[in-house]
Every structure is written in structure tokens, then in C-alpha cells.
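This report refers to the structure that appears directly beneath it.
The values are calculated or read from the model by the stated rules, or taken from the named source; none is laboratory data. Owing to the predicted nature of the structure, the values given are computational and were not obtained by experimental measurement. Cβ atoms come from the backbone with ideal geometry, glycine included; neighbour counts cover every protein chain shown. Heavy atoms of the whole protein, side chains included, go into the accessibility calculation; ligands, DNA and RNA do not. Shrake-Rupley method; radii C 1.70, N 1.55, O 1.52, S 1.80 Å.
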Amino acid sequence: MSLVGTYSVDITPVPPVDLNGYILRFGRAQGIHDRLLANIFYLEHKNQKVLLISLDILTISTDLADRLRDQISGELEIPREAILIAAIHTHSAVGGPYLRNVGKESPQWREEFEEKILSACRLATESLKEGEFFAYQTFSAVGINRRKETRGIDPHTPFVVVKSGEEIITVLINYNCHPVCLTEDNLQISADYVHYLREYLYDKFGQKFPVLFFNGGSGDMDPKRRGSFEAARFTGEKLGEEIFLAYQAYAGEKFEPDLEFISDTLEIPYSWQPSLSEAEKNLQKHAELLKNAGTREEEKISRAFYIWAQDVLELVKKNQLPESLIVQLNFIQLGKIAFIALPLEVFSSISLRLRKALADWHLFVVSYGNGYSGYLADKTAYQEGGYEVEEWHKYAGILPQIPDAEDLFWEKINKIKQKNNNLN
């Protein structure tokens, strides 16, 4: 018997507030277009427990995700590795870590957010129903590869419907696309296309229920249509249309959500370890670029990079510059469903390979899972260069990764597969 509990809680900040995600956004959020939600799914099955949380924010910082998982695990007696907290990555919301020279997280919002999440998790565990699980697979091409339009995408859209009789308890969805239909000129708080996806499903199903959206191999994926709420509506509704059509057309694969959890550490060395003199020259370089910035856009970016150069120099002086990026890689299995979650933006080519490598499951690839630490780019990107591999660390990280980061990731995936085989 599977016992399921769900809960949705409003986590919308009170404007005015700094939005995160765009370096070239000028101005604070002045209004609310749609409410931001935290959607929570709790499962008890054969004396095991799992808790999944989907957040309508840009990202959740690793320190905050760690603290919440520790608190939830201790209070509700759920194994820490069985707790997944993931952001949908809307760029019209709050959520840390903030890009340099973009704004600051509201301490009031963060305090209220933590209290709301902990309370909502308790409530999700208190009203349990027997649930039946049905897995589906569909495909959507509302996204495009932003690095090269002729390059492929990951169109896979696995979803799970959990029902109690005719009542839908929850729907879990995995898709691979940045929620950036709304661009930097938007100053309204919104979950972007994910909002319209949910509204579409509520209308078609004739019921309201928590929809947990998990963003997948979206590191190099943007929507085809951008620049307005109408673009967000189009994207969300077209994605929802594929999901609802698949639900109507197929019975779904009924399965027992037998639980397994595996956690491992992924360590990615940094490709640059500046000396004191190199860090000082780096700061001088960016000070000159900032001084010579000619437009407000150039000034905004140059100041962010100058702040980064200051941070690097300070760490060098303190002998605290890290040699590598260390993140947690989580595997959560619910019968025929598996989640691979990490706090990085996974490139679509890696997402496609993951689905092939783990073809025994309906795989949910989860970027922005249990924190945020940048990108997991493929080796082709390091040959090409570009924002994700050459500049992102200046906005919110500290140092560039080595070009072989992808190889280290695949080593860990192979170890997880072996551990899973041993468990089963």
C-alpha cells in the first residue's frame, strides 16, 4: 500500500523586491502577475519515505537546501537522501545565490520561506491517501538550443499521475527548458510558462492538484517564443497539450513505487588557480574595463565582473581559494521512476545520454536540485566557448571548471548504476 500526501503553499515575496536571473534587468519587481508556489509530494511505501519539493523560484542556494533537508529529515524522520528540493528556475522570481550586481535576497522573505516550507512539509505528512501510480512518456519541442539553433534538444517529457480512485492527487512533470519566456524587461513576479502549464492542466483535467515541475536538461535550452506573457502562455499551454494528449491516449504504466536512494559526491577541479600577482592583475584589468564602460549595460556587466575579481583576490589573500567544485549527486528511485538530481544546469546532450544510459526507468533529470552551483556543460561547449563555460562563474561562481567535467560526471553515474544493481 502506498500512502501519499501533498500540499501547496504560497511563497510569493511582497514587492518591491529584487528579482534574480538577468544581469541586464534594471529595476525591482513592482507587481505580481501570478503567485509563486511550493508544491510538495510525500510518499510512504513499505516502511520507507520520500519527500519531493518543487519551488517556483530561480534557484535555491545549497546552504539553504542543506539546512531545510536537515530540519525536515530530523523532524519527520525521512532519510536526508530521500528529500529532493528543486527550483523550476523562473527568471521572474527570487531565489539565491544572487548574481553579482543584480540585487540581494530579502531576509524577510527567506525567513518566511523557511517557515512556510517546514510547515507545509508537516501538513503534507498529516493527510495521507492511498495512491496509485501511473507513468507516461511524451515529447515536446517548445524549446530550442540557445547555443546553436541547428543543434538537437532533449524533447523527452516523462510525467507521473498519482490517483486515488478518480481523484488526481498530484502530477509530477519533467521537461528541459529555461523558464525565460519573460525577459529582463519584465518586472512582474511570475512562474513564467510553468504557471500557464498548471492552469492548462487544471482546466483540462477539471480538477486542481499540486503539479510538481522538475526542470531537466535545460542548461542550453530556451523557449522558442520569448518576450511576453503571451509567449509564456503559448509555451506552457503547448507543453500541457502534449501531456494531456498522452494521458488521454494511453492508459499509463501502473507501477509500485518501491524506494531506493543513492547519494554520491561529484568533485570537479577548477581550471585556474591564480597566484597573488595574477589575482591582482585580474582585478586591475576589470577595474579598467569598468572605468571605460560606455553604456549602462556595459557598466552593469563590468561592475559584476569587477566584484568577482575582488572576491577572487580576497580568497587568494586568505589562502582560501577552492581547488574544485564539490556537489552532491542524488539518485531517487520510485519503482519505474528514477530521479537524477544535482545542483547544476545540465546540458541537453548530457540529459539525452542519461535517458539512454538509465533506460530501465522513466527518468527525471533534475537540474537545480538541492542547491545551485552553475553548469554541467558538455565537452563540445568547452571547444566552442561561450557564457556557460567562460563567463557564468564571474556572475555567481568563483572559478571556471576543467573541460573534462562531463567525464567525471559519467564516472559517478556508472558507480550509481552499479550500486543500484547491487541493491536489486
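Worth pointing out:
- Think of it as helices only: each DSSP H run of n ≥ 4 in the chain is worth -39500 (n - 2.57), and spread over all residues that comes to -11000 deg cm²/dmol at 222 nm.
- For the chain, dividing the convex hull volume of the Cα atoms by the residue count gives 139 Å³ per residue.
- Placing a label point 7 Å from the Cα of E297 along the Cα-to-Cβ line, the residues of region 152-185 whose backbone N sits under 19 Å from it are 180-185.
- A Förster radius of 41 Å combined with the Cβ-Cβ distance from D63 to E166 puts the calculated FRET efficiency at roughly 0.45.
- Packing here is the average count of other Cβ atoms within 10 Å per residue, and on that basis the peptides 181-187, 343-349, 105-111, highest first, run 343-349, 181-187, 105-111.
- Estimated distance in nm for a label pair at E230 and S324, the labels positioned 7 Å out from Cα along Cα-to-Cβ: 5.1 nm
- Over 22 Å between alpha carbons, listed pairs K317/K379; K224/K336; K163/K254: K317/K379; K224/K336
- Sites matching trypsin sites (Lys or Arg not before Pro) across region 275-329 that sit in DSSP coil, with at most 14 neighbouring C-beta atoms within 10 Å: K318
- Between A251 and Q71, full extension at 0.36 nm per residue minus the direct alpha carbon distance yields a gain of 60.9 nm.
- Cα shape, region 367-418, gyration tensor, a/c 1.5 rule: oblate
- Projecting the alpha carbon convex hull of region 192-278 along each direction and taking the average yields 11.0 nm².
- Taking 0.36 nm per residue of separation and subtracting the Cα-Cα distance, full extension of the segment from E267 to I402 would add 47.5 nm.
- In loop segments of region 367-424 as defined by DSSP, there are no trypsin sites (Lys or Arg not before Pro) with at most 14 further C-beta atoms inside 10 Å of their C-beta.
- FRET efficiency estimate (nearest 0.05) - Cβ-Cβ, R151 to K281, R0 30 angstrom: 0.25
- Ligands, DNA and RNA left out, the accessible area of region 263-420 computed with a 1.4 Å probe is 47% carbon and sulfur.
- Sparse-neighbour loop sites [chymotrypsin sites (Phe, Trp or Tyr not before Pro); region 197-266; at most 13 other C-beta within 10 Å; DSSP]: Y250
- Prolate/oblate/rounded call for region 272-419, Cα gyration tensor, a/c under 1.5 rounded: prolate
- Accessible surface calculations at 1.4 Å, restricted to protein heavy atoms, place region 167-207 at 25 Å² per residue.
- Reduced Cα scattering model of region 235-316, Debye log10 I(q)/I(0), q = 0.26 Å⁻¹: -1.13
- Listed by chain and number, the aspartates and glutamates placed with their C-alpha closer than 13 angstrom to that of K291 are E299; residues fewer than eight positions away on the same chain are left out.
- Computed from the C-beta positions of D185 and Y387, the FRET efficiency with R₀ = 30 Å rounds to 0.95.
- Cα gyration tensor category, rounded, prolate or oblate, for region 62-147 with a/c compared to 1.5: oblate
- Expressed in units of 2.2 N^0.38 Å, where N is the residue count, the Cα radius of gyration of region 132-188 is 1.54.
- Here the 3J(HN,Hα) profile of region 93-109, calculated from phi with Karplus coefficients 6.51, -1.76 and 1.60 at θ = phi - 60°, is 8, 8, x, x, x, 6, 4, 4, 6, 10, x, 9, 5, 6, x, 5, 4 Hz, Gly and Pro shown as x.
- log₁₀ of I(q)/I(0) at q = 0.19 Å⁻¹ - region 302-350, Debye sum with one point per alpha carbon: -0.82
- Cα-only radius of gyration and Dmax that characterise region 84-239, units Å: 16.9, 51
- Dimensions in Å of region 328-377 - Rg and Dmax from alpha carbons: 10.5, 30
- The Cα atoms of region 1-156 cover 51, 43, 27 Å along the three principal axes, with the biggest extent listed first.
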